[in-house]
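First the structure, in the form of structure tokens, and then the observations on it.
The values are calculated or read from the model by the stated rules, or taken from the named source; none is laboratory data. Just so you know, these numbers come straight off a predicted model, no measurement behind them. Using ideal geometry, Cβ is built from the backbone for each residue, glycine included, and neighbour counts are taken over all protein chains shown. Note: accessible area is taken over every heavy atom of the protein model, side chains too, but ligands, DNA and RNA are not part of it. Shrake-Rupley method; radii C 1.70, N 1.55, O 1.52, S 1.80 Å.
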Amino acid sequence: MPISAALDLTMQAARLPREQTPLDHRILRMSLLAAVLGFLAACIARLLTALIGLLTNLAFYGRISTDFVSPASNHLGAWVILVPVAGGIIVGLMARYGSKAIRGHGIPEAIEQILTNDSRIPPRMVYLKPLSAAIAIGTGGPFGAEGPIIATGGALGSLLGQLLHITPTERKTLLSAAAAAGMAAIFDSPIAAVVLAVELLLFEFKARSLIPVCFAVIVATIAREGTLGSAPVFAMQTVLPQTGGALLLYVLIGLVTGVASVWVTRAVYAVEDAFDRLPIHWMWWPAVGGIAVGLIGWWQPLTLGVGYTNIEAAIGGQLAVSALLVLCIAKFTSWVIALGSGTSGGTLAPLFTIGGALGALLAHATSTLLPTAHINVGVAALVGMAAMFAGASRALLASVIFAFETTHQIAALVPLLGGCVAAYLVSSLSMRTTIMTEKIARRGIRVPSEYHADFLDGIRVASACSHNVICMHRTDLVGNTRHWLQSHLPAAAHQGYPLLDEDGRLCGFISRREVLDPSIDEEATLASLVRRAPAIITGAHSLSEAADHMVLEEVGRLIVVDAADEGRVLGMLTRRDLLAAHG
């Protein structure tokens, strides 16, 4: 085949980068899959709460019932100590012989799989995680059901993503959608569930992931309200608009709670480190933690189980100062030891309980010191509840919206925002990681903490590329070109050069290495060195699209051509230009 004909075929094979678009038709498929996952997550949430209820009734009351009850009213006396121990033994056996991944509260494990394993969670986690969590909580573990539900929903979404031919990004979306749907199904908090998915799982705010997550959450919420109604999960008296002075006090409560959230986070991992030093196999750690849970539960039965009634009592202003103080200290001690032991359970409900009790205590202290402050104990407890989670997890917006959605108190939004922002500020200044990411960070995994638009997406190629491009002609001889290059150093010391035809139009690309290769005959033309189609881009494309195109074409430079005439060379874009754009 003549060289000119071969070059024509080479140019026909040249590809421009595919223009980035917010959405394509695949979003419809992803949304449908997410909606199905939302319904399944809602069903799993109902099954898990029923299983927790069944095990709680069996373990503490010796009856068969799936009613979601508190273990606090049991009459086992000192025998209650053995119930959490038995649960810890079973969970330890499940972790050793089933999957070690069931240990912990679920969300960090889901984050780790997203960051390191293309969102691939082992399929057995779909049943092992909820079963182990139900056993731990049903035997008195001081955890909430939300963490295991989020982890189980994530495992279900990941499993579906592994069965289908989809990208890792789409698999992450399904994982996050199912996880958020699980939270919405437990707490009837759809908006908070979506925001939590964005803040802790998706690591992006894009239509391609946000739309499926929203559909999953909507379906889960409909399924939940269809069976349980739409009443607030945590009922409290109607909150009236708060005055300016009271708002300032809620911010101060948030600051104090933020300090407490830092200490709570550090305490969790200090206890984990202490368990690591025990001279026994980790399988037995949950049983050791169960001893502490049982002893504290014998002393203060309200610390046993999920404790949603404790949260409602705190924000309802129904607990005396002594009860709040005991609940705050006892629940914290029981939970931090149990969680540090590596058993299976959630963090949201315990953090809400501890934060709510602390907020109410601070309100009582404020009322004593400043009788004219007119601070609402229930609102203070609500602020403390949300601020504790905001500080520990740094899921700021999710914390604010969650407290609002679970109480339906719109007048509490401003106090919540003030308190949570204060806690978020203290946490951000005091900790590099959070209660959700410390475990992952210890394994050397970097977790994104800030989300922003792609900087390169806002810069056009035309403004960043080099316009003074040295071009070669296809009829030039290799020997002459070598001599020219050597005589024009360093100005001509580029790694590659566009190749033009007799009309000055792009017909190929040659590298400097090929021209200087001593095995190439000096009498050969430059056209004979062309091995592949040139990698081209137009000046109207973004640098983000250019970077993706470089990766796809496996090159370090792109020829910039006229969008209306791909044969007209306008410049050259290199990896150095991409880096310089950040300067």
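Being under 30 Å from T265 (Cβ atoms) and part of a helix (DSSP H, G or I) is a description that does not apply to R46.
Of the residues making up segment 307-324, at least one is among the small types (G, A, S), open to solvent by less than 40 Å² (accessible area, probe 1.4 Å), in contact (Cβ under 8 Å) with a residue 40 or more places away in the chain and not in a helix (DSSP H, G or I). In segment 505-530, the residue that is least open to solvent (accessible area, probe 1.4 Å) out of those that are part of a loop (DSSP other than H, G, I, E, B) and touching a residue at least 60 places away in the same chain (Cβ under 8 Å) is V530. For segment 531-550, a residue qualifies if it is surrounded by fewer than 18 Cβ atoms within 10 Å (Cβ to Cβ), in contact (Cβ under 8 Å) with a residue 24 or more places away in the chain and in a loop (DSSP other than H, G, I, E, B), and the qualifying residues are R532, A533, A540. Residue count for segment 97-113, restricted to those that are open to solvent by less than 20 Å² (accessible area, probe 1.4 Å) and more than 16 Å from T347 (Cβ to Cβ): 1.
Give, as residue ranges, the helices (runs of 4 or more DSSP H) completely inside segment 374-466 that count at least 1 residues that are modelled with pLDDT of 85 or more and of a type in the set (S, T, N, Q).
Values: elements: 377-393, 396-407, 413-430, 438-442, 461-464.
It comes to 377-393, 396-407, 413-430, 461-464.
Take the residues in segment 424-460 that are under 9 Å from R394 (Cβ atoms) and small (G, A, S), then tell me which one is least open to solvent (accessible area, probe 1.4 Å). Step by step, filter segment 424-460, then rank; the result is S427.
Only one entry of P130, P84 meets the criterion of being more than 30 Å from the chain's Cα centre (by Cα), under 30 Å from T434 (Cα atoms) and open to solvent by less than 60 Å² (accessible area, probe 1.4 Å), and that entry is P84.
State whether the residues of segment 44-57 include one that is among the hydrophobic types (A, V, I, L, M, F, W, C), open to solvent by 40 Å² or more (accessible area, probe 1.4 Å), more than 18 Å from S132 (Cβ to Cβ) and out of contact with any helix residue (DSSP H, G or I) (no Cβ under 6 Å at 6 or more places or on another chain). Write out each step before concluding.
Of all residues in segment 44-57, those among the hydrophobic types (A, V, I, L, M, F, W, C) come to 44-45, 47-48, 50-52, 54-55.
If we keep only those that are open to solvent by 40 Å² or more (accessible area, probe 1.4 Å) as well, we get 47, 51, 54-55.
Okay, now just the ones that are also more than 18 Å from S132 (Cβ to Cβ), so none.
For segment 44-57, residues among the hydrophobic types (A, V, I, L, M, F, W, C), open to solvent by 40 Å² or more (accessible area, probe 1.4 Å), more than 18 Å from S132 (Cβ to Cβ) and out of contact with any helix residue (DSSP H, G or I) (no Cβ under 6 Å at 6 or more places or on another chain): absent.
Within segment 284-306, restricting attention to residues that are closer than 26 Å to D67 by Cβ and of a type in the set (V, I, T), the residue that is surrounded by the fewest Cβ atoms within 10 Å (Cβ to Cβ) is I296.
Criterion first (more than 26 Å from M388 (Cβ to Cβ) and not in a helix (DSSP H, G or I)) does E225 satisfy it? Spell out the reasoning first.
Numbers: more than 26 Å from M388 (Cβ to Cβ): yes; not in a helix (DSSP H, G or I): no.
No, not satisfied.
Scanning segment 227-266 for residues being open to solvent by less than 70 Å² (accessible area, probe 1.4 Å) and free of Cβ contacts under 8 Å to residues at least 12 places away in the same chain gives a total of 3.
Identify, from the list L175, L163, L159, the residue that is open to solvent by 10 Å² or more (accessible area, probe 1.4 Å), touching a residue at least 24 places away in the same chain (Cβ under 8 Å) and not β-branched (V, I, T). Step through it out loud before you land on a result.
Details: L175 fails: open to solvent by 10 Å² or more (accessible area, probe 1.4 Å); L163 fails: touching a residue at least 24 places away in the same chain (Cβ under 8 Å).
None of the other options fit; the residue is L159.
In segment 551-583, the residue that is nearest to D454 (Cα to Cα) out of those that are assigned to a helix (DSSP H, G or I), open to solvent by less than 40 Å² (accessible area, probe 1.4 Å) and of a type outside the set (A, V, I, L, M) is D577.
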